[in-house]
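Each value in this text was obtained by applying a stated rule to the coordinates, not by laboratory testing. Predicted model, so just to flag it, every value in this text is computed and none were measured. All Cβ positions, even for glycine, are placed from backbone atoms using ideal geometry, and neighbour counts span all protein chains on display.
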Amino acid sequence: VDLAGLSSRITVLPLDLTSAKCSPLLNVLKARDVPSPVDFVFVDHDKDAYLTDIQELEQGGYIRSGTHVAADNVIFAQIHEYCQYVRSLKKKDVVMSRLVEAPLEYSSRHEDVDPTLVRDGIELTVYVSDPIHQRA
């Protein structure tokens with residue numbers, strides 16, 4: 001962000017959600033005074049929490065029309081439920097979304113395998129309308 005000269009326009013809010021004592025996502029955001037809605041969400045944490053965290057962000061008003069979401073490692077980590085949810089939103093014209101495939105950048109589980117041979121991908125989503133449960 002600094003290198004691009006966008007520090008005055010972009011605030012990066014890294015959140016450590018790995019602690020066993022971590023509060024629910026909305027509590028963490030509210031405690032840090034994160035204003036809603038947000039423009040961009042990069043999802044790259046506990047793979048089992050992708051779907052529930054996105055839904056929590058939607059319900060909390062953090063995701064609205066115009067919010068961009070990038071969910072990393074959806075192929076390699078087999079995050080099918082998240083992808084199915086995004087596809088269901090796409091069918092309802094709530095989002096535009098596409099999967100961008102790429103070789104896996106790293107993995108301790110496949111140290112002896114050429115990473116260019118292991119498939120991975122990032123789901124790039126733009127909300128074109130508010131999530132359905134937010135509509136009046």
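Here are the numbers for this structure:
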| item | result |
| --- | --- |
| Summed residue charge, Cβ within 12 Å of residue 86's Cβ, Lys/Arg positive, Asp/Glu negative | +2 |
| Net charge, residue 26 excluded, C-beta distance under 14 Å - Lys, Arg +1, Asp, Glu -1 | -2 |
| Computed E for residue 129/residue 48 - FRET, C-beta separation, R0 25 angstrom, nearest 0.05 | 0.35 |
| Residue-count net charge about residue 1 - beta-carbon cut-off 15 Å; Lys, Arg +1, Asp, Glu -1 | -1 |
| Highest to lowest packing among 88-101, 2-15, 52-65, scored as the average C-beta count within 10 Å | 52-65, 88-101, 2-15 |
